[in-house]
Each structure stands twice: as C-alpha cells, then as structure tokens.
1. Of the residues C:Thr347, C:Thr336, C:Thr255, C:Thr284, which single one is out of contact with any strand residue (DSSP E or B) (no Cβ under 8 Å at 6 or more places or on another chain), away from chain A (no Cβ under 14 Å) and surrounded by fewer than 24 Cβ atoms within 10 Å (Cβ to Cβ)?
2. Which condition does A:His340 not pass, out of (1) assigned to a loop (DSSP other than H, G, I, E, B); (2) in contact with a Ser or Thr (Cβ under 9 Å, 6 or more places away or on another chain), if it passes all the others?
3. Only one of these conditions is not met by B:Asp81: (1) within 17 Å of D:Ser54 (Cβ to Cβ); (2) within 7 Å of chain D (Cβ to nearest Cβ); (3) surrounded by fewer than 20 Cβ atoms within 10 Å (Cβ to Cβ). Which number is it?
4. What helices (runs of 4 or more DSSP H), lying completely within the stretch C:363-419, carry at least 1 residues that are modelled with pLDDT of 85 or more and more than 29 Å from C:Asp305 (Cβ to Cβ)?
5. Can you find even one residue in the stretch C:287-307 that is within 21 Å of C:Thr131 (Cβ to Cβ), of a type outside the set (Lys, Arg) and surrounded by fewer than 19 Cβ atoms within 10 Å (Cβ to Cβ)?
6. Six or more apart or on different chains, Cβ under 9 Å: which pairs go from a residue in the stretch B:44-60 that's more than 7 Å from chain D (Cβ to nearest Cβ) to one that's surrounded by fewer than 18 Cβ atoms within 10 Å (Cβ to Cβ) and in a loop (DSSP other than H, G, I, E, B)? Could you list them?
7. Since C:Leu280 meets every condition but one in (1) closer than 25 Å to C:Phe493 by Cβ; (2) modelled with pLDDT under 90, which condition does it not meet?
8. Among the residues of the stretch C:151-174, is there at least one that is buried (at least 22 other Cβ atoms within 10 Å of the Cβ), closer than 19 Å to C:Ser268 by Cα and more than 9 Å from every other protein chain (Cβ to nearest Cβ)?
Amino acid sequence: MNIQYLPVVAVSISLLAVPLIILLNKKPNLREAVSLLAGVVKLGCVIALVPHVLNGEQIEIVLWEFEAGLPIAFRVDGLGLLFAFVAASLWIVTTAYSIGYMRTTKSKNLTRFYSYFAISLAATLGVAFSANLLTLYLFYEALSLATFPLVTHNGDGEARSGGRRYLYFLLTTSIGLVLPAMLYIYGQVGDLNFQPGGVLVDSGMSQTTLLVLLLAFVFGFAKAALMPFHGWLPGAMVAPTPVSALLHAVAVVKVGVFSILRIITGIFGTDFMAQVNWHEIVTWVAAGTVVISSLIALSQDNLKRRLAYSTIGQLAYIILGASLLTDRAVTGSSLHILMHAFGKITLFFCAGAIYVASGKKYISQMVGLGRIMPWTMAAFLIGSMSVIGLPPTGGFVSKWLLLMGALDARMNAVVVVYLVSSLLNAAYFLPIVFRGFYVPGDDPTKPVKMKEAPLWCLIPLWITALISIALFFLSDTAIRLIEVFLGVGV
Amino acid sequence: MIWQFDLFILVLLVITALVALKVRDLLSAAMIFSIYSLLMCLLWAEMGAVDVAFTEAAVGAGLSTVFLIATILRTTRRTTD
Amino acid sequence: MSENLPFLVIAAPLFGALVASLVGWARPRYCYAIAMVSLAAGLTAAIALLVKVSGTVSGYEYRLGGWPPPIGIQHWVDPLSALILVVITAVAFLAVMSARANLQLELPGKERFVYPLMLLMVTGLSGMTLTGDAFNLYVLLEITSLSSYALVAIGRGRAAASCLNYIIMGTIGASFYLLGVGYLYLKTGSLNMIDLRQIMIAGDMHGSQTVITGFILITVGFWIKMGLYPLHGWLPNAYSFAPHAASNLMAPLMTKVSVYVSLRMMLSVFTPDFLAVHALWAQTALLVATIAIIAGSLIAYSQTDVKKLLCYLVVAEVGYMAGGMWLMNRAGITGTIYHIAADAFMTCCLFLGASGLIASTGSRHIRSFRGATRRMPWTFAAFLVGGLSMIGVPPTCGFFSKWFLIQGAIEGGAWHFVAALIFSSLINALIFFRIIELAYFKDVEHEDDVSHPPQVQRNEAPWGIRIPLFITSVVIVLLGVFSPRVINWIERFVDSVGVT
Amino acid sequence: MSDVLTFIISRFNYWIYIVLMMIGLYAMIAKRNYVKKFIGMSIFQTAIILFYVSTGVKSGATIPILEHGHDIGHAAAAINPDHYANPLPHVLMLTAIVVGVATLGVALAVVQKVHDQYETIEEPEILFKLGQE
C-alpha cells in the first residue's frame, strides 16, 4: 500500500468502526472487540509510519481542495506522529479500561459512548496529522463537538451543566479568537501551511498585530486550559472516568497544547518569534498558570478535580517550554506531551478504579486505602512520580529537558517556577499515597479485607504505569522524532 | 394641459384623501375614496393618459369601491378613528 | 428547445398553477401530483439552464416572445441567475413535497387553494431571478407577494391577523421599489436593466440627485422586503403563523430572492464604482446589518416557540447577507451569494424539521424536543444538520459562507461586522445545543418517575415530511463538500461585474 | 423668492404626489382601523402611479394615439414624438393599477377573515384579544 494513505487510514479507521459499533448494539462483547481492533489497527498505522519519518521522508496527502492553496491535507512529521502515537496507544488501553469501568458502574448508552469515543479519536489523529491551520481547526472543532456527548454521558443535571460549560468555553474561544485570527492571516499572507520557518516572517505585520494574533491563538485554543480559560476542565470532570482519563488527560487537552505548539513552530516560527520578542508574555502567562493551578490543586478534596488542576499546571509546563524557543526547551515540551499523558492517565485510571471498587471520590475518605487496594495505590505512586518528574519515570526526562531549555534561554525565573511547581506537585500527590499506605483506616482493629478494582480496570492502569517507567529508558526514539521535526540535535 | 385645472384637481385630491381617512363612517369613507379615484382618472385623462384613466375608472373607482363596500357590509360600518 | 429553457422554468409552475386550480375544483387530490410534476419540470429546466450557461462567462439573453429589448421584456441568464434559479426550484420542489403531509394535518380540504398559490409564488420567484426589466421585476415581486399573502392568510389562528401587517409592510416595500424605479426612469428613460446601466454610465449620471434618490428608495424597498432588522416587524409573525406548508416554502425563498435581486440591482444596474463613491452608505448599511445580526440572534435566543425562533434566525441571516453585499469586495460578495444558496437550504431544512416535529408532537414549544433523539432519531438528526450548518460547523455549507463573509469583512476592515458574525455563530451554537440537550437528556427526568416507566414511543415525522427533510440535509452537506466548485462558479460572476 | 416659487409651481404635481404619498403612508401606519389602513394603501399606490404618469407628460402634447394612423406612408413621415405623451409609463401603470387592486382585494378578504375571528377590525382591539389568547 502506498505509504501516503497510512495517515488517512489511521484517522478514518475509527470512523469506519462507528457503524459496526452501532450495529453491534445488542452484543456488547463484539462491540467492544471492534473498538479494540480499530485501536490496534490505528496504532499499527502510526507505528508503521515511524521509520519513514525518521528517514526524513515527506508523507503528504491532499484530501480536498477548498480553495487554491488552501486544502484539507495531512502531513506527517515527528511531532504529529509522537502525538498520534500517544493518542492511538492510549485509546486501546482506555477502551479496555472502560470495559471494566462502565460495566461495573452499570452505565447506560454504551453504544453511544463507544461511538463518540471512536469519533473523538479520529478527530484527535486528524489534528495530529494536519498539514495546515485550516485542517487543524476543523478537526479541533470536530473534537469539541464529538466529546460533548461523552462529557454529558451521565445525563443528570451536573453532567449537563458541566457539558454546557465545556462547550461554551471551547466554542466561544475557538470561533471567537482562532477563526478570525486564522482568516486574518489567510487574508494577509494567503498561506496557512505549517512550515518550519513559519509563514508570518515576510508578512510585514506590525508588532501589535502579531501580539494580538499570538494571544488569540494561545487563548483561543482553550483546550490547552491556559488561565484564565481553564474553567471548563474541572467542570468537565463530571464525565465518566475513562472519558476524563483519555480526553482530559490526553486527547482534548493535548490537542490544545499541540495546536499551540504548531502555531509557535509552524505559523510564527521559533526564530521569528524570538525576533519579535512577544513570546515572553506567553511565558509569564504559562508560568502563572503553573503556579496558581498547583496551588489550587492543593486545596481540592475531590480526587478528580485535583487531577484536573494538576493537568492544567502540566499543560502550562508544555506551553511554557515551547515559549522559551530554545531547541532543548521545545524538545522537552513536545516530549512532555508523551510523558505526562502516560503518567496522568495512570492517575485517572487509579481514581476511577478507587471509585469503582470503593465508591470513594474524596481524598479525605481515602485513608487506609493502600491496604485495601495495594495494586491500585502502587500504580498511583508510579503515576505521581512521573508527573512530579522523578526517576525512573518518563516524566523525569521531559522535565530535565525543560529545565535545561530554561537554562539555555537564561530564564532563571522559569527555572525557579519549574522547581517550585515540581515541589508543589509532590505536595499534592504524595500525601495521598502516604495516607493510603501509612494512615490506618477507620477501625484499625478490623481485619483488612482486600477489595481490588476489577481486572479490566487494573490491567490497563498497570500497563500505563509500566510504560511510564519504560519511557524513562526508551525516550530516545521519541526524542529522535522531535529532533527530526525540529531539524536539530540536542 | 391647463395647469390651473390640474392644480384644482390636485388640491381636491388631497382634500378627498384626507376626508376619506377622517370620516368615522366607513361606508362614507369608501364613497369618498371612490370620488378620489374618479378625480384621479379625470386628472390622468387630462394629462393624456387616457388608457390609464379608463382602467382607473373601471378598476380603481369601480372595483375597489365594490370591494370596500362588500367588506364594510360584511364587517362593520363604525370605527373610532 | 434549449433556447427556450428560461421560458420553461417560469412557464412550468405557472402552467401547473393554472391546471391545479382548474383540476382542484373537481379532484383536489390530484393537485399535489400536478404541483410536483410541474416543479420537477421547472427544476429540470433550471438544471439544464445551469449546464447551458456553464460554458459562457456573461450568459445569454432571452427575449420573451422574441421582441427586442427596449420594447419587449428581456430576460438575462448568466451563471449567477442560473445558479439561483436552481436553488429556488430545488428548494421549492422540496418544500412543496412536504406540503401534502402538512396540509393533511393542518388544513385538510384546502389543497386546491394552497397548491396553485405555491406554484404561483414559485413562478414569481423564478421570474424575479430571470427578468432583465426593472418594472417587470415589480410586477413579479407583487405576484410573489400576493400569493404569499394569501398563503399566510389561509392559515388558522393568528395567521390572518399577522397577515394584515405583512400586507401593509410588503406593499410599502414594493411601492418604494416602484418609486425608485420611477426616479431612474425619469432620468434615463429606460427600464431595461442593461440599458439603465449603460445609459447611466454613458450619461455620467451617477452623481445625479435623481439617480441617488432612486437608488436609496430601491434599497430601502428591498430592505423591507427582505426583513432587515429594524424593518423586519412583519416577518416573524407572518412566517411563524403561516401554515407550515406555506412557511416551508416562504421562509427559505422570499427573503433570499429579495437579497439576490437587491444585489443584482447594486452590481448590474448600479455599478460597484457608483457605490464606491458613497462610502457613507456602505458604512451605514454595514452598521444596520451588524445590528440586525446581533438583535436577530438575541431575540431568537429568547424564544420558546420553535417557529418564532427560526424566524428570528432568518432575521439574523438576512443581516449576514445585507452586510456581506455592502462589503463590496470579492470575498464579501462571493460569501453573500454563496450564503443565499446555503441559507435557502439551511432554512428549508430547519423549517421542514420544525414542521415535522410539530406534526408528530402537536406542540410548537421548544420543550417538545424532549427526548427527540429516541422518539424521532432520524427526523432530529436531519434537523440537526440544518442547525449545525447555521452554527457553521464544517463540512456543512454554513461554514463556508461564514468563512468568506468573515474573510471579506476582515479585508474590508469592518471589524464590528466580524464581531457580529462570530457573535451570531456563538448564539446559534447556544440555541442549537440547548435543543440538543433537550433532545438528548430531558427524558431522563421521566425515568426517575417510577409510576410511569419510560415508554419510548417512536413518533417520527410523517414520511411526506421526512423524505424532503433528508434530501435537504444531504444537500446541505453536499453543497459544503462541493463548495470549491460553487465558489468558483460564483467568483466567475463576481469577477465579470468588476468587483475586486 | 420668485425663483423658488416658480420652481415649486412648475413642478406642483410632483409636490402634490409627495403629499398624497405621505397621506397614504401616514394612514397605513397610524390609522387603527384596517379598512382605513387599506384605503391609505390605495392612496399611496395611486400617488406613485400619478408620479409615473406625470413623467410621461409633455407640454403641448396630446394623447399617444397616432393621427391618421391608418395612412401608413403618410404617418411614418409625420410622427414627431414631441406631439405625443410618452405612452410607455401609461402601459406600465395599467399593470400597476391591476396589481394595486389585487392587493386591495386580498387585503380586504383577510380583513373579513379577521373580523370573523375577532369580531373587530380595529388594530388595538385585535392585539388586545391576541394578548388574551
């Protein structure tokens, strides 16, 4: 098969699975098998692309020409492939996990759930492979719409208000900020393709215009949850845990930061950004978000909300790194997409597993939980370590690169922000583990009865936990991919 | 065209139009409106538009008035304004 | 034969109206078939016409009865009018297709009045698109309006009362137009559109007070006819209380054709150069359009009656087009023309969907959408396509028209118009997601009620409404997917009239 | 001053048509009774027709019918457009009159229907009854 069609297959395979999923409405096992199978094919396509990209091949395909020079097109590069890999691999794991979670919690409308899940994944991969801003924008919007039914899956009042807020935030910002900014650039430059040097270099736009554009994009891609446009993320935590896990630790939020990375590298171009010198504003907004969200996370008692604020902070890390514009910082931030995804999804899985097994949502209730659910809590520890950035987990590699990047950029304040926030991460994660294992439960005399989460939950979360560790040792390929993309060697 | 005559009819037109809208009795209003239409076709005939004048006499003054009267008879004659 | 295609497009519905009204006295059942056949003939002729003009740039002229222009009435077919003609006949075909099911429920026994009136209206609309004569346009405008007055008034309940205001406003609008044409005639001595253009250019009359007065009167007349915001008062009541069969036809077409004719007047009779001289007009019109969009969207958001809501959406959409054409740049005009086509189908889809909903639930309150995803998944899905297109979600056609309109507004520096367009997209999103939410979730509350176990009853809209609804929603998507070709087509026209 | 006066007098039929139009417009908008409104509408339309007919008038011209029209060879040489009023507006106005009457007919039919429903043809009372529904 022609290699060019691989990205198309990778994107559309989950869409093709949707009719099957709907048809198999009455046969849950087969239905979920279809989901898993589609995920495996998707991942296969993505992995098959890796060697080609490492060889520096150009993989590009135009699907549909909207106007001359403005097509809907895919182009595969290192950054996109890395992101696609994250999304595709975690889809499989999450599907497995949702089998355990959704069945144990006796959720309804599972066919709808799996269908929209598959559509969301198609949209996510579409974003990853987008060759230009228009394509990215379209898939970005598609993702917002496709995830809405997932967020409101429970259908009760809380879910509905959370879903409404989710949609209002995302649509307002993308239609209100990104669309006009994109149209403005198209009107001025006539080109929306992502190019290594950016497209705005010779546009002759004034400083103010560039600043407005930059801010429009950075805040407009509100999926990145940069403060003050973060409000939707904690609200969206009403979704079932598999949704929170995949979409709000991986697909949706990462699409946001990925889009901003694309803007900085492909539309503005890092060199041009450095010339223009507006990137520091983004740096400080991101730095502020890192610190503030970590502080808010400390005060949250609901585990999923704490994870949500932690996510906001970690996303800001990535944007912070990208805004430093040094090679190592950009590499680190791209890598952090991968590392944080595996760490955070483990944590979400654990939160879900705890809820499934014990019905507990609040951290204050989780004393002594380590004895009841040792496996879950152990995985939680690994996930925490990865998010905090401790070896031997993948999070360490990316955070190290980010730190080095900050030093390269001679931004000592940013170095301090990184360190302080890592400490804060530790402060809001480790007590949970500590309480779980070392603080005895309500009645210390009562014999502890092991009651782990169902296997369908436990296995996926251990897989992601182990991959988090494995990534510490295997980060080379990922770094190579990013280097190919950036055209540098670290 | 004799402009004095024109002016005379035109002033009459304005007066009939105002009166047609002023009277409280709708049937009278309809009748005065038909006078307005007849004045109008007089004017047009005088202006050289004979065909328009004929049409207006038949359709405007005739048919319209019939419509109006039929409506008024089927609804009500009285109005407060 | 192919020479007479323009005649066929107009004659088919006209002839159909005649036959239907005659046959209707004896056999009202046959009216539907006659209407469908004549509209199908009209549609076929329109498509054939589109194919025919595809090779030419400026189109060709057609003389009714073979009389040369200054004496006879000249019809001018160019790529643009052919395109609009296809849109009109297609939407009319779909709307009339749904009429039978609606009439059976709503006005049984009135078929013999409704179908001829609908066909007459289509005749008028097609004629307005084709005609090259300014006075002929007035007559056709009035034919269209008269049949629509009658169609509204035939309805039950508040229809007649709201029709009275419609008649008054409609007549004022048409009379303003007639007066404006009178001024032009006074100055140029011609009523043929092409003649008018040439005489005005040759005689350098663009600065003349008479011409300017005429232009303003014509523009204001059409603003009333298209229902631009402060002059929109007649529209929501007339369209929402009209019988569904009639409003399905009127709402998508009447305002759109007025917009088209207004645009035609601006570009083909008055030239872009003429308009460019008076920058103040464009600013004023853009401001009015901006207000129209914002006000229409906000009022729509506050409505609980489904049809009223849709009517106010139409008011907002009219603002899109009225503003878009005054941008006077390539992207703006292209967007406006594309939006005429897109909005015709979008509005048709939404009104068809609403009438389907009303047919199956018996209520027009927005709450009747409750649980629609289960009760009427197909009807609702098709309705939603129209809604998503209104919001501007790709690949529906609504996205592309908005794309060009915003692009044009940015080029023209009309930032308030950009803001209004975006604002209305957002409000539309709110409106339709509120409906989606109702449709998805509002039956959950009933499930909690133990005494009444959830009894999901399928009550899809009748097939007579569903089929045209499906076709319309498919067309919306197709129009989006093939938008490059449509846009290309439109740009050819826009370039030919000299808009840059 | 006298210039202005001549200006006004020389075009007095245009001024009167504007006055008539304003009367019609006023009646359509401000009158409460629907029959009155529609009488106003007719006045409005005839005013516009008057305007058109006025444009065809020429000083000293006669009705647009050819004298000696049957004597073709003779007439062709003798036709001087200045001697005849411009017939084109007239022809158009025939249509306009018919359209106007048709509109009036439809409008009055609707008025009857409204009267059947609400027992009144006064706008405020109809609105009041609608509000009660």
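1. Testing whether each residue is out of contact with any strand residue (DSSP E or B) (no Cβ under 8 Å at 6 or more places or on another chain), away from chain A (no Cβ under 14 Å) and surrounded by fewer than 24 Cβ atoms within 10 Å (Cβ to Cβ) leaves just C:Thr284.
2. A:His340 satisfies every listed condition except (1).
3. (1)
4. It comes to C:397-411.
5. The answer is no; no qualifying residue exists.
6. Every condition considered, the pairs that remain are B:Ala45/D:Ile63; B:Glu46/B:Met1; B:Glu46/B:Ile2.
7. It is condition (1) that C:Leu280 fails.
8. Scanning the stretch C:151-174, I find no residue that is buried (at least 22 other Cβ atoms within 10 Å of the Cβ), closer than 19 Å to C:Ser268 by Cα and more than 9 Å from every other protein chain (Cβ to nearest Cβ), so the answer is no.
The values are calculated or read from the model by the stated rules, or taken from the named source; none is laboratory data. On a predicted model such as this, the values are computed, not experimentally measured, just so you know. Every residue, glycine among them, receives a Cβ derived from its backbone with ideal geometry; neighbour counts consider all protein chains shown.
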